[in-house]
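In what follows, a single structure is set out as structure tokens and then discussed.
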Amino acid sequence: MRTRLDLTQRLLDSAFGTLSDNLKGLTLEEALFVPPGGFRSILGTIKHTAGWSHVYRSYAFDASPVSWFILPWPHGLRDTVIKSETYLTDLIHWLDLSHQLWQRDLLHTQDDELDQLKPVHWGDTMPLVDIVRGVAIHSVYHAGEINQLLSIYRQEAWEEGEEVEENLIPSVGHRAVPPWKR
């Protein structure tokens, strides 16, 4: 029988997997894309998502939590980015690291500790399970944003066989071939 902790870990792993899957094969050009009228790139979304994952984990588990303003940002940059493959790779590694740290800390957590109140960055407390749920939801939310940005950049519609007819948008010739059909 699965424990609450096992289900909590699986939730976080699944959410992170959804986010991570959207980053496979990501090019720098795609990462820097901002649609007309937009203000967020995939690169910025990766940085934002990783940063908050690190903050929430630190507040939940570290004796001296690290805030958004003193995180060890990749290349020491919080408010700016470097438009390079190296920087993109480093951001993705930093995102991966945030998940590895969550996995490590949850591995040393007992099932009954999920209900313990843990500090959060705005000065309140929350049960650990709710913090993990929030981080998971945050990861899936931004995975969806990244997926949408990539579909715009790549001019892709729905996957073959999963089309939704949108008679106001001509999508013929823009269907994406799913990975299992490649």
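Laboratory data are not the source of any read-out in this text; all were calculated from the coordinates shown. Please read all numbers here as calculations on a predicted model, not as lab measurements. Here Cβ is always computed from backbone atoms with ideal geometry, including for glycine, and neighbour counts include all displayed protein chains.
Computed about the Cα centre, the dipole magnitude for the chain is approximately 340 debye when only Lys and Arg (+1) and Asp and Glu (-1) carry charge, each at its Cβ. Here the residues 141, 59, ranked from fewest to most Cβ neighbours within 10 Å of their Cβ, fall in the order 141, 59.
Compared with the dominant Cα axis of the chain, that is its longest principal axis, helix 42-61 is turned about 20°. Relative to the dominant Cα principal axis of the chain, helix 128-153 is inclined by about 20°. The residue list 129, 77, 140 was ranked by how far each Cα lies along the charge dipole of the stretch 4-181 toward its positive end, using unit charges on Cβ atoms, and 77 comes out on top. Residue-wise HN-Hα couplings along the stretch 104-111, as the Karplus relation 6.51 cos²θ - 1.76 cosθ + 1.60 with θ = phi - 60° gives them from phi, are 4, 5, 5, 4, 9, 9, 8, 3 Hz; Gly and Pro carry x. Of the residues 79, 130, 96, the one that moves most in a GNM of the chain with alpha-carbon contacts below 10 Å is 79. Helical content of the chain, expressed as a calculated mean residue ellipticity at 222 nm, amounts to -17000 deg cm²/dmol (DSSP H runs of 4 or more residues, -39,500 (n - 2.57) each, divided by residue number, nearest 500).
Does anyone have the angle between helix 4-21 and the longest principal axis of the chain? Alpha-carbon axes, 0 to 90°, nearest 10? The answer is roughly 30 degrees. Select from 78, 57, 154 the residue whose mean-square fluctuation is largest in a Gaussian network model of the chain (Cα-Cα springs shorter than 10 Å). The residue that fluctuates most here is 154. Which distance in Å, rounded to a whole number, links the C-alpha centroids of the stretch 101-134 and the stretch 51-91? The stretch 101-134 and the stretch 51-91 have Cα centres separated by 19 Å. Of 64, 20, 53, 84, the sequence from fewest to most neighbouring Cβ atoms within 10 angstrom is 64, 84, 20, 53.
Provide, for q = 0.12, 0.17, 0.22 Å⁻¹, the log10 of I(q)/I(0) from a solvent-free Debye sum over equal Cα point scatterers in the stretch 1-134. Listed by q, the Debye log ratios stand at -0.52, -0.94, -1.33. Let me have the relative contact order for the chain, percent, based on Cα pairs under 8 Å that are six or more residues apart. Over the chain, the number comes to 30 percent. Close amide H partners of residue 118, meaning residues 5 or more places away or on another chain with modelled amide H under 5 Å apart, are 126, 128.
The phi torsions of the stretch 92-103, fed into the Karplus equation with coefficients 6.51, -1.76 and 1.60 and a -60° offset, translate into couplings of 5, 5, 5, 4, 4, 4, 4, 5, 4, 5, 4, 4 Hz, rounded to whole numbers, with Gly and Pro shown as x. So which residue, out of 30, 85, 145, gets the largest mean-square fluctuation from a GNM of the chain using Cα contacts under 10 Å as springs? Maximum among the listed residues: 85. Across the stretch 79-91, coupling constants 3J(HN,Hα) worked out from phi with the 6.51/-1.76/1.60 Karplus curve, θ = phi - 60°, read 9, 9, 10, 10, 7, 8, 4, 4, 5, 4, 4, 5, 5 Hz, and Gly and Pro carry x.
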